[in-house]
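Derivation of every value follows stated rules applied to the coordinates shown; laboratory data play no part. These figures come from a predicted structure and were not determined experimentally. Positions of Cβ are generated from backbone atoms using ideal geometry, with glycine treated the same way; all protein chains shown enter the neighbour counts.
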Amino acid sequence: MGGKQFGRTVGAVIAATVAGAAALLWFAVAAGSPEKADAPTEGILFGVWEILYDTKAPSLRIVLAAMAIALLFAVGIALVEQRISNRSRRSADSLTAPLAPKILMASTCGVYAGPVTVTVLIPAHNEEASLPSTIASLLAQSHRPERLIVVADNCTDSTVALARQAGVEVFESVGNTQKKAGALNQALKNVLPHQGHNDLVMVVDADTRLDDGFLEAAVPRFTNDRALIAVGGLFHGEEGHGLIGQFQRNEYIRYSREIARRRGRVFVLTGTASIFRPVALRTVAQNRGATIPGTPGDVYDTAALTEDNELTIALKSLGALIISPLQCSVVTELMPSWKTLWAQRLRWQRGALENLGAYGITPQTLRYWAQQLGIGYSVIALSTYLLLIFLMVFSLDNWVWFPFWLGLGLLFSAERVITVWHGGWRARFLAAALLPELFFDMFLNIVYIKGIIDISLGRQANWKHVPHRQPDDILQPS
């Protein structure tokens, strides 16, 4: 099946697989018929629809079977991921895995490449509101970068003037119609030819502020590990934006915690802030159109909606070793409204699906396929859970307490609070409330379904720029 055709069917493949898995589990549960003594109780919904419900806990057989399936799935994914990672580390095939640690270390053995330098590229399109704080956070680093370049793409505001006022270099894109990826490709074609093996290229979004110590923690890792290809940042949300802002901050806290438990093995080299060896970016450009999708000579695939996710898959497909240490953290802007959050998340979801369609099913993408299937299954599980609660509330005359489900709910609530504990009392309070975060999850599930439908129907996706408010506007009452 061709890449383009597969790209259009990836949504249907995921939806069919998830629906099939849910149906199998449903049939497995339904196969165990209740005893006569366990006859369900009747309830009437809106005085019309007869509802049957059972107040007893599921049988031990069903509980153990569900736990076993979940455990086997998690362990299976972990083992497959570990095996793929180990094979990449040991690979000596310079054609399919030119960035594998064994090959990379052999090529630099005994060669002095000079002192480590850091060149930072800041892609910016009308970012006058946030750019000054981004530049300030870079200049304030305890390990200060040697070079800062603002990549101004079709700016019509004072972005360029502010960058020059701050004393940093400015590269203005020429005739670029391919958004952030196109502007970065133009800048990298000027920068990469002058970079040595020990030089580092960092890409930082213009709405990101690096926490102090980011570069001080990242640079020694490249110095001490010649096999390391890239270091990504762990992001947490800025303060403000009310309830919708706290939803996003809680989400980012949980993501950082998950990466920490994976010992830095990252899913995506975030576009907010990531550092690369020049050899990695050159190798990606050389393999575009051959072993990985894209236009030959381009570092970033301009057809990808989520260029950071696509570049991560490209590097992994070439055998690269990448991490996101806890010490490398950044503060990123949050979406201030449901409309902008919808646009951002739909772009992320469509981008992830399109990247899977472009790369197909390979050892390096299996983890991403499993992730999408897991999200799809959670959509069915959460939707069913909320639907059953709705049916129970409106069909019964009296509220019925189910000890088994109440216990599971308390356990789930405790997990939600613990995983955002470091976010402060607001994060804990929102997590303890439970229902608001469940409805936020449903919002994200609807975005997921929209992405599945759009890509399955071949609808055109758009890269939407979210304008940032001026700093003074944030302080003004609305």
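Among the GluC sites (Glu not before Pro) within the range 236-300, those in coil by DSSP and having at most 15 neighbouring Cβ atoms inside 10 Å are 239. When only alpha carbons are used to place a centre, the range 370-449 and the range 138-203 end up 43 Å from one another. Exposure proxy check: 143, 194 ranked by fewest other beta carbons within 10 Å? In order of increasing Cβ crowding within 10 Å: 194, 143.
Translational diffusion of the range 113-334, estimated by Stokes-Einstein from the Kirkwood radius over alpha carbon pairs at 37 °C in a medium of 0.692 mPa s, is 187 µm² per second.
Taking the average, over residues, of other Cβ atoms within 10 Å as the packing measure, peptides 321-331, 197-207, 423-433 rank 197-207, 321-331, 423-433 from highest down. Each of 335, 105 was scored by other Cβ atoms within 10 Å of its Cβ. Arranged with the fewest first, they read 105, 335.
Express as a percent, rounded to the nearest 5, the fraction of DSSP beta bridges in the range 113-334 (both residues included) that run antiparallel. So the antiparallel bridges amount to about 30 percent of the total.
When the label point is put 7 Å from the Cα of residue 263 along its Cα-to-beta-carbon vector, which residues of the range 196-233 have a backbone N closer than 18 Å? Taking a point 7 Å out along Cα→Cβ of residue 263, the residues of the range 196-233 whose backbone N falls under 18 Å are 221-222, 224-232.
Please state the shape class of the range 107-194: rounded when a/c is under 1.5, otherwise prolate if a/b exceeds b/c and oblate if not, all from the C-alpha gyration tensor. Can you show the working numbers first?
Details: a/c = 2.94, a/b = 1.43, b/c = 2.06.
In terms of gyration-tensor shape, oblate.
Placing R0 at 45 angstrom, the Cβ-Cβ distance between residue 190 and residue 433 gives a FRET efficiency of 0.30 after rounding to 0.05. As a proxy for reagent exposure, 134, 208 were ordered by neighbouring Cβ count within 10 angstrom, fewest first; the result is 208, 134.
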